[in-house]
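Notes follow the structure.
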Amino acid sequence: MKVGYGHMGTLTPVIEMILEDLGHEPITPKRPTRQTLMLGAKYAPEFACIPFKIVLGTYLECLESGADTLISGGGYGPCRAGLYGELHGRILKDLGYDHDFLFFWPPLRKPMHFARQMKILKDKNSWFSLYRVIRKGLAKLAIYDELELLAQSIRAREAEKGATTRAFNQAYELLGKAKTTGAIEEAGIEARRMLQSVAVDEQTEPLKVGIIGEIYVQLEPFANFYLEEQLGHMGVEVRRSIYLTSFTRHDIYSTRGDMGSRSLAMPYLGQKIGGHGQNSVGDIIRYAQEGFNGVVQLAPFSCIPEIVAKSLVPHLSREYGIPVLTLFIDEQTGAAGIQTRLEAFVDLMQQRRSTASYAV
């Protein structure tokens, strides 16, 4: 099969490797562009969120590049993202594309359906071979998460602006080319060395900002206007509430989600509302307790779980003494507007820190 799939941060090269190991030809999606977004927006329902539109545009690009099969996955519960695979398939069918579509529900939610879809994907490979392939993919994913964490810390302290991003891109490509377990381990060692060799200003004391919100706009840099890089270049060390390994552990291998964040949210939002809405509430509290200087909530425009979480932001911000900037994003959002709001937010946090230091 020639298999296409959506682009989402560092997950993309891992899916490519898994498909190759299973004997398929991956139609690896390019990093989304403005053209990808507008292509998806052209055929998407008006109410659909920006992840839906970007992924639809990516599917169209993959199909035009020769894909005969598309794969996707989605959540289960109140969030409408669980319906997106079906809706994507219907739109593409109406546009005249003749392709297979494999949609994966979380394995613990619909185990038989998941097994049937995996049986198609594994093709002639044994179940044990599939297990080994996925295990190797998760090992590579863990290294990518480690590299992201390292880059987020170094970028806020780099002596030369942009050096961390260049090193990370080189490390990303190096690890992406590693296909065997041994090669992945060696590439991981070299990738860490690349990032650790970036010169830093040891005297810098960066602000610390937590990133919360919907998973796709957190993990796909194009969808959030490369927010991590922007903040890093402003001298801010960021930490996301979602990394792919933690998402796999909390939301794929478990039906309970991140119980640490959920337990903190319970006094304010006592039930799951779909997506990561409840987590966003708990993560604001967690970042405040850990001494972060601020929180940025990222959300697709019209995302109901994040809208519910946003309604609690003013109260949580006052009660826990932490500023929160909410960015709702759609195809009309402009880069200049995002940058301006981030700059103002950073100025606010710097003033608050200076005032607190002066008071002490």
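A short reminder: the numbers here are calculations on the coordinates, not readings from a lab. The model shown is predicted, which means the values in this text are computed figures rather than measured ones. Every residue, glycine among them, receives a Cβ derived from its backbone with ideal geometry; neighbour counts consider all protein chains shown.
Summary of values
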| read-out | value |
| --- | --- |
| Linear extension gain, Lys119 paired with His233, 0.36 nm per residue minus alpha-carbon span | 36.5 nm |
| Cα-based reach from Lys136 at 27 Å (exclusive), listing lysines while leaving out same-chain residues under 8 positions away | Lys2, Lys30, Lys110, Lys119, Lys122, Lys124, Lys177, Lys179 |
| For the chain, built as a Gaussian network whose Cα springs stay under 10 Å, the top-fluctuating residue of His315, His24, His276 | His315 |
| Residue of Ser126, Ser246, Ser263 that the Gaussian network model of the chain assigns the largest fluctuation, springs spanning Cα pairs under 10 Å | Ser126 |
| Relative contact order of the stretch 207-360, defined on C-alpha pairs under 8 angstrom at six or more residues apart (%) | 26 |
| Residue among Gln339, Gln230, Gly23 farthest towards the positive dipole end of the chain, charges placed on Cβ | Gly23 |
| Furthest towards positive pole of dipole, Asn293, Ser153, Ile307, structure part the chain, Cβ charges | Ile307 |
| Only Lys, Arg (+1) and Asp, Glu (-1) charged, at Cβ; the stretch 274-336 dipole about Cα centre in debye | 160 |
| Extension reserve of the Thr333-Glu160 stretch, reckoned as 0.36 nm per residue once the Cα distance is removed | 59.3 nm |
| Sum of -39500 (n - 2.57) over DSSP H runs of 4+, divided by residues of the chain (222 nm, nearest 500) | -17500 deg cm²/dmol |
| Nearest-20 debye value, the stretch 83-224 charge dipole, Cβ charges on Lys, Arg, Asp, Glu | 780 |
| Reach of Lys161 by Cα under 24 Å, taken over lysines that are not fewer than 8 positions away in the same chain | Lys208 |
| Cα-centre dipole for the chain with unit charges at Cβ (Lys and Arg positive, Asp and Glu negative), debye to 20 | 860 |
| Relative contact order, percent, the chain [alpha-carbon distance under 8 Å, six or more residues apart] | 16 |
| Distance between the stretch 108-155 and the stretch 319-334 - C-alpha centres, whole angstrom | 32 |
